[in-house]
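Let me begin by presenting the structure, written as C-alpha cells, before commenting on it.
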Amino acid sequence: MRKPVIAGNWKLFKTKNEALALIEELAPLVSGVSNVEIVVAPVFTVLPTLPAALAGTGISLAAQDVFWEEEGAFTGEVSPRMLLDAGASHVIIGHSERRQYFGETEETVNKKVKAALKGALVPIMCIGETLEAREAGDTFKVLERQLRGGLEGLTATQFAPVIIAYEPVWAIGTGKVASDDQAQEAHAFIRSVIAEMFGKPAAEKVRILYGGSVKPENAKGLMSRPDIDGALVGGASLKGSSFASIVRYGE
C-alpha cells in the first residue's frame with residue numbers, strides 16, 4: 001500500500017508570522033492523522049521559522065525550489081545542504097510556474113533532482129501539459145518527455161524516494177480541474193513510464209500526486225482512483241480548515 005501524501009504549496013504567500021498562525025490553526029485540525037503524509041512548502045525566508053512549530057505535529061517541511069550546486073558564486077540560489085539546515089526534508093522541483101516564468105527545463109530539473117537526492121532531500125518532481133498540448137493530443141508525449149528528462153541517469157535505487165506530482169498546467173489556479181477519469185488516465189500512464197524506466201516494483205511503490213485546483217469538494221473523488229496517491233494543493237492550502245479537509249478526505 002502506498003501511503004498518500006497531501007502537500008501544500010504556499011507559493012509566494014505567508015510571512016513568518018502569517019505562516020506560524022496558519023500552522024497554529026492547521027496542527028490541531030490534523031492531529032492524530034497517521035494514514036496520510038502531510039507536507040507544507042513555504043517560501044525560503046519562512047523555512048527556519050517553522051521546525052519548532054511543527055515539532056510533534058507529524059507535518060513535514062518542504063522548500064519550493066533548490067539549486068544543484070552545494071555552494072559557490074550563484075547569487076540568489078539555495079543549496080540542498082542549506083535547505084536541510086533550515087529544517088526542510090522535501091523539495092518541490094520543476095513546478096510549472098518555474099518552467100513558465102523562470103526558464104526551468106528538463107535538464108535543470110534533472111540536475112536539481114539529483115542534487116536533492118544526494119543531499120538527502122525528498123524531491124517532489126512536477127510534470128504536466130499545457131492546454132495547447134492536451135488539445136493537440138500530445139499529453140502523453142509531454143509527460144513522457146518530462147519524466148524521462150527529469151529522471152535521466154538515476155538507478156531504480158536512487159529513484160526510490162522520489163514523489164511525482166502531475167499538474168495539468170491548464171488546471172493550476174484556474175478553477176478548472178481534470179476530471180477524475182482524466183487524472184487517473186494520466187497517472188496510470190505516468191506509472192507505466194516509470195515501470196519502463198525503473199521496473200515494475202518501483203512503479204508500484206512510487207507515489208503520484210495530482211495538483212491543479214484541488215479543493216475539499218473534489219479531493220475525495222480524485223483520491224478514490226487507484227493511481228492517485230495524494231495531492232499537491234495550492235490555494236486551498238493557505239487556510240487551515242480547507243487544507244485539513246483535504247488531508248482528511250477519507251473521513
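The figures follow:
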{"quantity": "Residue list for the stretch 128-148, filter: on the phi < 0 side of the Ramachandran plot, open to solvent by 60 Å² or more (accessible area, probe 1.4 Å) and part of a loop (DSSP other than H, G, I, E, B)", "calculated": "136"}
{"quantity": "Some residue of the stretch 138-157 being out of contact with any Pro (no Cβ under 6 Å at 6 or more places or on another chain), over 24 Å from residue 64 (Cβ atoms) and at pLDDT below 95", "calculated": "no"}
{"quantity": "Residues satisfying the stated conditions in the stretch 149-169, i.e. of a type in the set (A, V, I, L, M, F, W, C), within 16 Å of residue 121 (Cα to Cα) and open to solvent by 10 Å² or more (accessible area, probe 1.4 Å)", "calculated": "154, 160"}
{"quantity": "Total residues in the stretch 96-127, condition touching a Ser or Thr at 6+ places or on another chain (Cβ under 7 Å) and open to solvent by 10 Å² or more (accessible area, probe 1.4 Å)", "calculated": "1"}
{"quantity": "Residue list for the stretch 242-251, filter: over 21 Å from residue 62 (Cα atoms) and either open to solvent by less than 20 Å² (accessible area, probe 1.4 Å) or of a type in the set (Lys, Arg) (or both)", "calculated": "none"}
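The values are calculated or read from the model by the stated rules, or taken from the named source; none is laboratory data. Because the structure is predicted, anything quoted here is derived from the model rather than measured. Every residue, glycine among them, receives a Cβ derived from its backbone with ideal geometry; neighbour counts consider all protein chains shown. Protein only, heavy atoms only, side chains kept; ligands, DNA and RNA dropped before computing areas. Shrake-Rupley method; radii C 1.70, N 1.55, O 1.52, S 1.80 Å.
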